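Enquirer: Before I ask anything, let me first share the structure, which is written out below as structure tokens.
Throughout, read-outs are computed from the coordinates displayed, never taken from laboratory work. Bear in mind that the values here come from a model prediction, so they are computed numbers and not experimental data. Quick reminder, even Gly has a Cβ in these numbers, built from the backbone with ideal geometry, and neighbours come from all protein chains shown.
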Amino acid sequence: MRYTLPDNFKMGASAAAWQTEGWAGKREGQDSLIDMAYKQFPDRWHEGYGPTMATDFYHRYAEDCALMKELGMTTYRTSIDWSRFILNYETGEVNQGAADYYSNVVDELISNGIEPMICLEHWELPYSLFEKYGGWRSRTVVDCYVRYAEAVFRLLGARVKYWFTFNEPIVFPWLGIMDGVWYPYTCDTGEAMQWNYHKVLANALAVKLYHGGDYGYREGGRIGIILNAAPVYPRSQSADDRKATAMCDLFYNRLYTDPCIKGEFPAEYFSLLEQHGCRLVYDEADLAVIRDNTIDVMGLNYYTPHRVKARSSAWNPDVAFHPHYYFENHELQGKKMNPHRGWEIYAKGLYDFAMLLKEEYNNLPWLVTENGMGVAEEWKYKNPDGVIQDDYRIDFVADHLRWLLKAVEEGSNCLGYLMWNFTDNVSPYNAFKNRYGYVEIDLDNQRQRRLKKSAYWFQQVVQQGYFEY
Ligand code: BG6
């Protein structure tokens with residue numbers, strides 16, 4: 001069947017500063033949390049690859065922008081590395097070399113006809129703020145972030161129309177602070193929720209600053225947040241499974257979507273935490289800021305849905321509180337899976353979430369800011385000419401796009417689809433293991449770029465304005 005892209009539908013890719021740039025140009029002490037996750041435990045990263053050199057975008061951005069143009073990309077979303085951009089994290093003094101670099105990247109994108117979208121934090125919290133204040137535990141860090149945001153708005157506000165305050169802000173609190181599987185490897189749900197709360201507040205303060213200042217909002221600029229929120233599906237319609245699913249939704253979606261879009265945390269959120277001994281530090285003035293400064297646009301990173309069931313046994317009272325007190329993940333047997341990642345592939349989830357945004361969140365403008373297919377040992381799929389035959393990626397993208405277009409047809413306010421990723425890149429811990437790009441990065445050949453079959457497919461779709469599936 002033929003699927004036609006709507007007029008002006010943004011088609012591009014997303015990336016992050018630290019996953020592409022490499023450390024070139026960074027000064028001594030300008031480490032981010034994720035840099036330190038690598039510096040302190042390099043062995044935990046697949047084959048020792050990490051942010052050190054990444055894809056060398058820092059030196060090769062002009063080449064990459066030219067390649068994006070060749071593929072017909074209209075949009076590229078990446079982040080500013082806060083730890084690189086600022087010299088003095090407390091005063092907000094800017095590192096001029098970094099400002100020049102980001103300014104050049106934005107100019108290069110624009111001169112190639114590619115719209116830049118900028119995210120202010122994709123886990124690049126300066127390490128020294130973590131060391132000194134405990135990171136997002138601290139209200140002081142919120143103020144440091146706002147000073148940093150202001151410096152970036154001043155520099156790029158006239159050239160960048162789409163801004164995002166955070167990328168997947170829940171991920172470090174969740175995996176690093178609550179589950180202890182990522183750096184800094186702690187297991188403290190209360191602390192994680194304090195991080196989440198301060199990120200929600202920092203988002204609102206950045207929105208307030210952008211809306212109130214002379215940075216580009218009045219010329220049509222938009223600001224929002226990128227969330228890895230996902231549709232939640234109960235195992236059954238039983239009351240227990242549905243309650244479990246609502247709790248998963250609360251702790252993994254609504255603790256961001258509700259305050260950022262509606263201005264209010266879910267009614268029971270604070271009382272539930274208190275009941276479990278997780279006391280948040282917050283005040284009414286900050287809650288008013290959150291209420292009055294909601295986002296203009298949302299980015300959705302969608303890979304896989306939540307499948308949920310009620311707990312089969314009661315929570316062990318000796319174990320500290322965790323959201324799994326309320327639910328368990330439902331088994332995935334029989335589901336279509338990405339075997340390299342252990343994630344269910346469920347393209348209709350994108351449609352379901354689009355409808356949720358339409359119906360429950362006032363049809364907020366949004367776009368897909370990540371969606372993609374990670375594949376290990378992708379070199380195995382090369383044809384004799386050395387081109388990776390990634391038909392599985394074409395299938396993945398086309399399937400998700402068709403569901404997205406159905407949602408648009410039914411009134412979803414979706415502005416575009418940005419794939420993860422333009423090139424293969426470094427991921428946390430998995431490094432270059434799972435490849436996501438339309439463009440291969442050849443690690444044995446000085447990170448040479450080589451188009452995969454999916455890149456040619458993408459080019460054709462954008463040129464024609466439609467695809468068959
Ligand atoms: C996404 C993250 O959830 O997963 C990306 O936003 C990451 O930053 C991607 O690169 C892929 O992860 P992995 O572990 O499969 O390489």
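Enquirer: With the dipole of segment 30-169 worked out from charges on the C-beta (+1 for Lys and Arg, -1 for Asp and Glu) around the Cα centre, which of Y38, P51, Q96 lies farthest toward the positive end?
Expert: Towards the positive end, the residue furthest out is Q96.
Enquirer: Also: Please list, in chain and number order, the residues 5+ apart from Y162 or on another chain whose amide H is under 5 Å from its amide H, with Hs placed from the backbone.
Expert: Close amide H contacts, sequence-distant or interchain: I118, R222.
Enquirer: Provide the net charge surrounding R435, with neighbours chosen by a C-beta distance below 10 Å and charges set as Lys +1, Arg +1, Asp -1, Glu -1.
Expert: Local net charge: -2.
Enquirer: Express the relative contact order of segment 103-160 as a whole percentage, based on alpha carbon pairs under 8 Å and six or more residues apart in sequence.
Expert: 40 percent
Enquirer: Mean separation of Cα pairs under 8 Å and 6+ residues apart, divided by the residue count of the chain: what relative contact order is that in percent?
Expert: 18 percent
Enquirer: List the relative contact order of segment 260-337 as a percent without decimals, with contacts defined as Cα pairs under 8 Å and 6+ residues apart.
Expert: This gives 29 percent for segment 260-337.
Enquirer: If you don't mind, there's one more thing I want to ask. Counting Lys and Arg as +1 and Asp and Glu as -1, each charge on the Cβ, what is the dipole of the chain about the Cα centre in debye, to the nearest 20?
Expert: 660 debye
Enquirer: Using packing as a proxy for protection, rank 267-280, 181-194, 427-440 so that the peptide with the highest average count of other Cβ atoms within 10 Å comes first.
Expert: 427-440, 181-194, 267-280
Enquirer: Taking the Cα centre of segment 34-181 as origin, sum charge times position over the Cβ atoms of Lys and Arg (+1) and Asp and Glu (-1), and report the length of that vector in debye to the nearest 20.
Expert: That gives a dipole near 380 debye.
Enquirer: I would also like to ask the following. Given charges of +1 on the Cβ of Lys and Arg and -1 on the Cβ of Asp and Glu, with all other atoms neutral, how large is the dipole of segment 1-51 about its Cα centre, in debye to the nearest 20?
Expert: 200 debye
Enquirer: State whether the chain is rounded, prolate or oblate according to the following rule on the C-alpha gyration tensor (a ≥ b ≥ c being the square roots of its eigenvalues): a/c under 1.5 gives rounded; otherwise a/b larger than b/c gives prolate, and the remaining case gives oblate.
Expert: On the way: a/c = 1.34, a/b = 1.12, b/c = 1.20.
Rounded, because the longest to shortest axis ratio a/c is under 1.5.
Enquirer: Using +1 at the C-beta of Lys and Arg and -1 at the C-beta of Asp and Glu, which of V289, S138, A62 has the Cα lying farthest in the positive direction of the dipole of the chain?
Expert: Positive-most Cα among the choices belongs to A62.
Enquirer: Here's another thing I want to ask about it. For each pair in K243/K336; K26/K69; K309/K380; K132/K161, compute the distance between the two Cα atoms and list the pairs where it is over 31 Å.
Expert: K309/K380; K132/K161
Enquirer: While we're here: Once phi is turned into θ = phi - 60°, what whole-Hz ³J(HN,Hα) does the Karplus curve with 6.51, -1.76 and 1.60 give for every residue of segment 92-103, x standing for Gly and Pro?
Expert: x, 4, 8, 7, 4, x, 5, 4, 5, 4, 5, 4
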